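Reading through the structure tokens given below for one structure.
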Amino acid sequence: MLLGAAQQLVRTHKALGLSGTVHFIFQPAEEGKGGAARMIEDGLFERFPCDRVFALHNWPDLPLGKVQTRPGPIMAAADRFDISVRGKGGHAAQPHHTPDAILAASQLVAQLNTIVARRIDPGESAVLSVTRIEGGRSHNVLPAEVQITGTVRSFDTASQDRIEAALRAAANGVSLASGAEIEVKYLRYYPATVNTAAEAALALDAAHAVGLHAEVAPRAAFTSEDFAFMLQRKPGAYLWLGQGRADPGQDGERALHHPCYDFNDDALPLGVRWFCEVAKRSLAAGVPG
């Protein structure tokens, strides 16, 4: 879509009377590796100055031709935690000889799932999910170590601070009660994706102008996006472009991160048109992007 927009603007900018500079940013390593942050660290905006930045993500939950965005938070911050619970290990028939790492890990998982409900204001939004617990190889051996991994999603640093503090406190409490040694590693790897109001309005107006069904998103999503790093540096907006099929076939074809996910190619020209209109409106307003 971005390549198509670049090609189309090269073909038509003279006829449209557009003047200015548009930078097309092809961002690598979005999925968990922070490609946007690395580009910024490498001097992206010094080498290619931008006054506004815009991006889109295909969104299978919306029907083809419908788009959404909103001022303020549109995607959540993403944190990762890795917890090691260590006992000494031993025979399952002699549990009194070692701290039970599996029992301690189970108690900790149960406590972690109460943090959002009991530590975060009900008027705010956050999610904590334990996504992996691993330990033990035999039916009659108490393992020496259990690993717990998960993610936290939130929309402001105050919530992040409270959740991380509560997670560490829970780990310390279970460690004290069980005798197991518990180590917590907590990584805040993506900030929240926060749109500026003027650019969110421009994004929706541009979508409407090219025939898309544009509306303000009723709520932010708990998925995350490292375009957030660019929005920390520049005004801009992030748009969801609907690509849902009327008949999706397998359920997985509409689910992001599903192995059967199938991108709907009919969304390609819609994204091209939107990018071109965003550039046109920004340049007409005298604001290069």
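Every number here is computed from the coordinates shown, using simple stated rules; none is lab data. No experiment lies behind these values; they were computed from the predicted model shown. Every residue, glycine among them, receives a Cβ derived from its backbone with ideal geometry; neighbour counts consider all protein chains shown.
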Any idea what angle helix 101-112 forms with the longest principal axis of the chain, computed on alpha-carbon atoms, 0 to 90 degrees, nearest 10?
40
Length added when fully stretched, K33-A177, from 0.36 nm per residue minus Cα-Cα:
48.2 nm
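For each pair in K33/K280; K234/K280; K33/K88, compute the distance between the two Cα atoms and list the pairs where it is over 29 Å. Don't jump to the answer; show the numbers that get you there.
Details: K33/K280 32 Å; K234/K280 19 Å; K33/K88 35 Å.
K33/K280; K33/K88, as the Cα separations exceed 29 Å there.
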Hits in the stretch 174-196: amide N under 19 Å from the 7 Å Cα→Cβ extension of T131, namely 184-193
Under 5 Å, built H, 5+ apart or other chain: amide partners of A192:
A77
Modelled label-to-label distance, L268 and R245, 7 Å Cα→beta-carbon offset: nm?
1.6
Using Cα springs under 10 Å in a Gaussian network model of the chain, which residue among T69, T157, T193 shows the largest mean-square fluctuation?
T157
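What number, rounded to the nearest 500 deg cm²/dmol, is the helix-based mean residue ellipticity at 222 nm of the chain, given -39500 (n - 2.57) per DSSP H run of at least four residues and division by all its residues? Show your work: numbers first, answer last.
Working: 9 runs with 101 residues, N = 289.
Helices in the chain give a 222 nm mean residue ellipticity of -10500 deg cm²/dmol.
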Convert each backbone phi in the stretch 166-171 into a coupling constant with the Karplus relation 6.51 cos²θ - 1.76 cosθ + 1.60 (shift: θ = phi - 60°), then list the ³J(HN,Hα) values in order as whole Hz, x for Gly and Pro.
5, 5, 5, 5, 4, 4
Cβ neighbours within 10 Å, averaged per peptide: list 139-146, 231-238 in order, most packed at the top.
231-238, 139-146
For L56, the residues 5 or more places away or on another chain with a placed amide H closer than 5 Å to its own amide H are L239
